[in-house]
Amino acid sequence: MKNIIFGLVATLLMMGSAYAQSPNERVHVLQKRNYSVKNKTEVSFFGGLSVDDTFTQHYAGTITVDYHLDEAFAIEAMWMTSKIPFVNGDKQGDGYTGDGIRWGMGYTDALENLRSAQLSPSNADLAMIGNFVGLNVQFSPIYGKFSFFNMGLIHTDFYVTAGGGLASTEYQRPDDVWVDTGVYFMGDFCLGLRIFLERWFALRLDVRDFVFAARVENATQTGFDTKIRSTLYVMFGVSLLFGGEDPVQIWSPY
Amino acid sequence: MRIGRFGSALFAVFCLLYGPANAGAAEADEPILMNKLHDLSGRFEISLTPSMSILDKYTRHVGTSLGLGYSINDYLGVELDVAYNFISGDRKLLDEILRTATTLDGVERLALTDLKHMTWSASLGVVFSPFYGKLNFSSEFAVTIHFYMVAGAGVAEYRYSELRHSPPFDPLFGDNQFHKQEVTYPVKPTGHIGGGLRFHFNENWGMKVEIRDILFYDQGYKGQINEGLGVQERNIDDFVHTVFLRLGAFYAF
């Protein structure tokens, strides 16, 4: 216990003197960009989950490869998966069994509650994304610095990405059989934050929305329902940055 | 909680090495964000924030809130918030499910916690702002921001649509149709938790974007549960969450 108190006191005293500051000055624009992404290739690995859908619950692994054309623009290729690709499981009637293969695909309690009330949503509401491959454009207009309790600096990039690609989709019937509902063009839009820890390493937080038009046979199997489906993911990831150049250092008090 | 001698020694070494090392590095390499353009300390703030609910199952809300805040120092403040939802009701999804149902026999078994929607709320909260930052928009102009978290308690009024279905050949509502009767709950104690960003455009004016979850503990309503032995009626206790995305303006003085 004595060691803890000693440690805390030492830290406070030494940090206090180290963080002595200069008088306020007017900020015009943020300078001294310590982290540059121009001409760098960025490989990112994400884990994510869907957050807004009433009935479906996705968990997904995602790999993105970005090439930064300059500090503001990048092109991005991505693969997002909630299911082992090109594997469907055992054939049963017009569908497949195999929940393990679809490791990131499931339904929320809301569906169970609805079914216990002898109700059911449209099958189009139950369609889930198995795999997605896409191409995006990334725009990073905002570079920022944050202080946490005035103790240390965090360098960040805020960005938006937009693009599209192809997604395979499936839904699960009440008898636990997964029915393939086809491959769709799917659009995606993302707001993201990149936190630089090193010039070659960063953390990323993406909020990414995927939109597609699901056309699925209705519950009474007498026709098809078409619905615009939107699934919002929150994704956390790590990035490795290769190549490029170190930023030019321009001294500034900001 | 027992930490142990080894753990406390390790912590002391960590504090000695990590704290000053970081502080020293910051001083030698580049200054911490020192030229703080927008202080919060000792200032009042009035905010008007239109809001909409997100992450709902069967309900929707659109409204606005009026807030008054006071910052005790740069990191800690208090706020009073009053909100009214001028759109508060069921989502189209619920009506669509009921309209296309092959039977409405079990409609009374839908969980009421999913159907409750808020009409107004009033709350007191504590605002905690640990992050201060500067953003550079396309190298043209700089905006200073605070990241903050908020938590507190208050009261709110909730309503819900009691779902009923009419039996075959019902003269009043028609054959096998659903109908809704709105029920107003008594005012309930609520808690809230959230976080957001405050953008300062000049000395007085700025913008806030925030996500706030307002919740209450819904205690002991009668629910019908479909169990192995058939439909049972029993008390259900559950939290009712309403998550708002709020985007508004503030004036600080």
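Things worth noting here:
- Sub-6 Å Cβ pairs linking a first residue in region B:66-95 that is in contact (Cβ under 8 Å) with a residue 12 or more places away in the chain to a second residue that is surrounded by fewer than 18 Cβ atoms within 10 Å (Cβ to Cβ) and not in a strand (DSSP E or B), at least 6 apart or interchain, are B:71/B:41; B:71/B:43; B:73/B:41; B:74/B:41, ordered by first then second residue.
- Of all the criteria given as (1) facing another protein chain (nearest Cβ under 8 Å); (2) under 20 Å from residue B:211 (Cα atoms); (3) of a type outside the set (S, T, N, Q), the one not satisfied by residue B:81 is (1).
- On inspection, residue B:46 fails the criterion of being at pLDDT 85 or above, surrounded by fewer than 18 Cβ atoms within 10 Å (Cβ to Cβ) and either at the interface with chain A (Cβ under 9 Å from one of its Cβ atoms) or touching a His at 6+ places or on another chain (Cβ under 7 Å) (or both).
- For region A:171-212, filtering for residues that are within 14 Å of chain B (Cβ to nearest Cβ) and surrounded by 18 or more Cβ atoms within 10 Å (Cβ to Cβ) leaves 2.
- Meets criteria (more than 20 Å from the chain's Cα centre (by Cα) and either among the polar types (S, T, N, Q) or surrounded by fewer than 16 Cβ atoms within 10 Å (Cβ to Cβ) (or both)) for residue A:140: no
- As for region A:123-130, it holds at least one residue that is buried (at least 20 other Cβ atoms within 10 Å of the Cβ), more than 25 Å from the chain's Cα centre (by Cα) and within 19 Å of residue A:175 (Cα to Cα).
- Restricting region A:118-135 to residues that are more than 8 Å from chain B (Cβ to nearest Cβ) and hydrophobic (A, V, I, L, M, F, W, C), the residue that is farthest from residue A:228 (Cα to Cα): A:135
- Residues that are away from chain B (no Cβ under 14 Å) and basic (Lys, Arg), drawn from region A:35-72: A:40
- Here region B:99-142 is the region considered, the condition is being charged (D, E, K, R), part of a helix (DSSP H, G or I) and within 25 Å of residue B:239 (Cα to Cα), and the residue that is nearest to the other protein chains (Cβ to nearest Cβ) is B:109.
- Test: residue in region A:182-194 that is of a type in the set (Asp, Glu), within 30 Å of residue A:103 (Cα to Cα) and in contact with a strand residue (DSSP E or B) (Cβ under 8 Å, 6 or more places away or on another chain): yes
- Condition met for residue B:40 (farther than 20 Å from residue B:184 by Cβ, under 19 Å from the mean Cα position of the chain (by Cα) and of a type outside the set (Gly, Ala, Ser)): no
- Region A:159-170: number of residues that are within 14 Å of another protein chain (Cβ to nearest Cβ) and either crowded, with 16+ Cβ neighbours inside 10 Å or farther than 20 Å from residue A:35 by Cα (or both): 1
- So residue B:103, is it modelled with pLDDT under 80, out of contact with any Cys (no Cβ under 7 Å at 6 or more places or on another chain) and closer than 30 Å to residue B:115 by Cα: yes
- Region A:146-157, subset aromatic (Phe, Trp, Tyr) and in a strand (DSSP E or B), residue modelled with the lowest pLDDT: A:148
- Residue in region A:105-116 that is without any contact (Cβ under 8 Å) to a residue 40 or more places away in the chain and in a loop (DSSP other than H, G, I, E, B) present: no
- Scanning region A:61-90 for residues that are in a strand (DSSP E or B) and either of a type in the set (D, E, K, R) or surrounded by fewer than 20 Cβ atoms within 10 Å (Cβ to Cβ) (or both) yields A:61, A:63, A:65, A:66, A:67, A:73, A:75, A:76, A:77, A:79, A:81, A:90.
- Residue under evaluation residue B:160, criteria (1) buried (at least 17 other Cβ atoms within 10 Å of the Cβ); (2) modelled with pLDDT of 95 or more, criterion not met: (2)
- In region B:227-253, the residues that are outside any strand (DSSP E or B) and at pLDDT 65 or above: B:253
- Residue A:115 fulfils the conditions (1) within 10 Å of another protein chain (Cβ to nearest Cβ); (2) buried (at least 19 other Cβ atoms within 10 Å of the Cβ) except for a single criterion, (2).
- Residue B:224 falls short on exactly one of the conditions (1) surrounded by 11 or more Cβ atoms within 10 Å (Cβ to Cβ); (2) closer than 22 Å to residue B:160 by Cα; (3) at pLDDT 65 or above, and that condition is (3).
- Selection of first residues in region A:84-104 that are under 15 Å from residue A:130 (Cα atoms) and of second residues that are hydroxyl-bearing (Ser, Thr, Tyr), restricted to Cβ pairs under 6 Å at least 6 apart or on distinct chains, gives the following pairs, ordered by first then second residue: A:88/A:96; A:89/A:96; A:89/A:97; A:104/A:59; A:104/A:82.
- Those residues of region A:158-204 which are without any contact (Cβ under 8 Å) to a residue 12 or more places away in the chain and in a strand (DSSP E or B), in sequence order: A:197, A:198
The values are calculated or read from the model by the stated rules, or taken from the named source; none is laboratory data. Please read all numbers here as calculations on a predicted model, not as lab measurements. FYI the Cβ positions are ideal-geometry reconstructions off the backbone, even for glycines, and counts take in every protein chain you see.
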